[in-house]
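Read the structure below first, then the notes.
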Amino acid sequence: MEDKIIADLKKSYAITSNEITPVTGGLMNLKWKITTDKGELLVKQYSTKRFRREQIDWIESSLHRQIILKKRGVPCPFLWQREGRVIRWLDDETAYMVMDFHSGKTETSDTITIMQMRSLGSTCAVMHRAFSQLPMHSVESLPVFGGYTIDLLWENFNSRMTNCSPEAHVEYRKALLAQEPILKQLRPEFFDKFPKGFAHEDFQPGNILFDADCVSAVIDFDRNCYSYIWHDIGRAILSFALEGNTISIRKIYAFLEGYTQHSALTLHNIADALRLSWCIETPWWIQPNFFGECDKIPKRFKDEMLWLTEHWFEIDSILCL
């Protein structure tokens with residue numbers, strides 16, 4: 001941690017750190033756990049190489065929604081503020097924030113328990129309910145970073161096919177070709193069935209902490225935005241219920257049981273949420289560099305998209321046995 005951040009923590013927040021420990025995770029951003037007389041805190045410095053200033057300002061708007069969610073019972077970190085701002089700019093290259101440190105461990109589809117899965121469903125619904133109570137006056141449109149229309153999906157597909165070189169990995173070419181039958185049967189009204197609202201938009205294992213039986217905290221609300229809220233549901237099911245090439249019906253039922261304690265949801269809704277996740281995420285993860293040797297996390301996401309592609313036409317029958 002740079003000396004100027006340490007100095008500003010003392011000046012702006014009256015925080016003096018006794019111990020500073022780097023925390024891994026987060027693309028290009030830096031994080032530290034600090035021990036203070038005010039408890040354990042987390043300091044996050046945003047990468048100005050990854051984000052432009054206007055992008056960090058957009059993130060700050062997202063974090064202000066997190067503050068409201070915290071007040072409404074969503075288990076997420078308390079964010080420290082200074083003069084009404086969450087993110088402190090010390091100069092053009094230094095932007096950081098402070099939040100309470102939450103203990104807990106991350107789980108995977110191999111380690112999560114049925115009780116934790118039920119808690120995950122309940123937490124997701126509580127989060128969505130709190131999001132739904134936020135004012136919508138500033139909402140203009142859905143975010144532009146996903147394939148949210150049939151035309152965009154076709155445009156992405158045709159561009160990939162055109163630019164797919166003869167030297168491309170054979171599995172990548174197969175993955176592209178397998179998308180075409182799905183795209184041909186999609187209709188423009190497909191997206192009309194999905195409820196819109198604020199969503200976490202990164203509801204995956206790295207951003208959910210558990211204790212022995214339940215969710216202890218949902219973290220990293222940087223990407224929360226007005227979107228399709230069922231994307232959070234589809235992402236959670238893929239991350240925690242897909243075990244290799246088999247989806248766990250017991251875990252899906254547990255998630256459903258937890259979610260419906262607070263909001264309506266059916267197995268058919270979950271099937272549609274999985275299809276929605278395919279539409280949004282396939283352009284992200286079916287990429288040439290994720291075939292062959294690649295890191296574990298993008299490989300998992302890529303494999304999830306391949307599973308959805310293979311089982312698109314039978315998802316309802318799989319879930320509703």
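Restricting the range 265-316 to residues that are touching a Gly at 6+ places or on another chain (Cβ under 9 Å) and hydroxyl-bearing (Ser, Thr, Tyr), which is farthest from residue 235 (Cα to Cα)? If we take residues in the range 265-316 being touching a Gly at 6+ places or on another chain (Cβ under 9 Å) and hydroxyl-bearing (Ser, Thr, Tyr), then 282 is farthest from residue 235 (Cα to Cα).
Here residue 185 does not fit the description of being in contact with a helix residue (DSSP H, G or I) (Cβ under 6 Å, 6 or more places away or on another chain) and either outside the structural domain of residue 25 (by TED's automatic domain parsing) or more than 23 Å from residue 66 (Cβ to Cβ) (or both).
Is one or more of the residues making up the range 22-44 in a strand (DSSP E or B), surrounded by 12 or more Cβ atoms within 10 Å (Cβ to Cβ), among the polar types (S, T, N, Q) and in contact (Cβ under 8 Å) with a residue 40 or more places away in the chain? Scanning the range 22-44 turns up no residue that is in a strand (DSSP E or B), surrounded by 12 or more Cβ atoms within 10 Å (Cβ to Cβ), among the polar types (S, T, N, Q) and in contact (Cβ under 8 Å) with a residue 40 or more places away in the chain.
Only one of the listed residues (293, 304, 314, 257) is over 22 Å from residue 70 (Cα atoms) and not in a helix (DSSP H, G or I). That residue is 293. Selection of the range 61-84 for residues being over 16 Å from the mean Cα position of the chain (by Cα) and of a type in the set (S, T, N, Q) yields 61, 81.
Scanning the range 203-258 for residues that are touching a Ser or Thr at 6+ places or on another chain (Cβ under 9 Å) and of a type in the set (Ser, Thr, Tyr) turns up 216, 226, 239, 248.
Any residue at all in the range 273-280 that's modelled with pLDDT under 95 and of a type in the set (Val, Ile, Thr)? Within the range 273-280, one or more residues are modelled with pLDDT under 95 and of a type in the set (Val, Ile, Thr). Of all the residues in the range 35-60, those that are within 17 Å of residue 17 (Cβ to Cβ) and more than 21 Å from the chain's Cα centre (by Cα) number 7. For the range 276-289, filtering for residues that are without any contact (Cβ under 8 Å) to a residue 60 or more places away in the chain and buried (at least 19 other Cβ atoms within 10 Å of the Cβ) leaves 1. Looking at the range 141-170, I want the residues that are farther than 11 Å from residue 279 by Cβ and have a partner that is surrounded by 14 or more Cβ atoms within 10 Å (Cβ to Cβ) and modelled with pLDDT under 80 with Cβ atoms under 6 Å, at least 6 apart or on another chain. Which pairs are those? Matching pairs, first to second residue: 142/148.
Residues checked against (1) surrounded by 18 or more Cβ atoms within 10 Å (Cβ to Cβ); (2) out of contact with any helix residue (DSSP H, G or I) (no Cβ under 8 Å at 6 or more places or on another chain); (3) assigned by TED's automatic domain parsing to the domain that holds residue 148; (4) aliphatic (A, V, I, L, M):
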site: 218; (1), (2), (3), (4): yes, no, yes, yes
site: 229; (1), (2), (3), (4): yes, no, yes, yes
site: 232; (1), (2), (3), (4): yes, no, yes, no
site: 239; (1), (2), (3), (4): yes, no, yes, no
site: 250; (1), (2), (3), (4): no, no, yes, no
site: 260; (1), (2), (3), (4): no, no, yes, no
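Considering only residues in the range 45-76 that are aliphatic (A, V, I, L, M) and in contact (Cβ under 8 Å) with a residue 40 or more places away in the chain, the one that is nearest to residue 91 (Cα to Cα) turns out to be 59. Looking at the range 105-203, the helices (runs of 4 or more DSSP H) lying wholly inside it that each contain 2 or more residues that are farther than 23 Å from residue 230 by Cα and at pLDDT 95 or above sit at 170-185.
The values are calculated or read from the model by the stated rules, or taken from the named source; none is laboratory data. Just so we're clear, the structure is a prediction, and the values are computed from it rather than from any experiment. Positions of Cβ are backbone-derived with ideal geometry, glycine not excepted, and every protein chain shown enters the neighbour counts.
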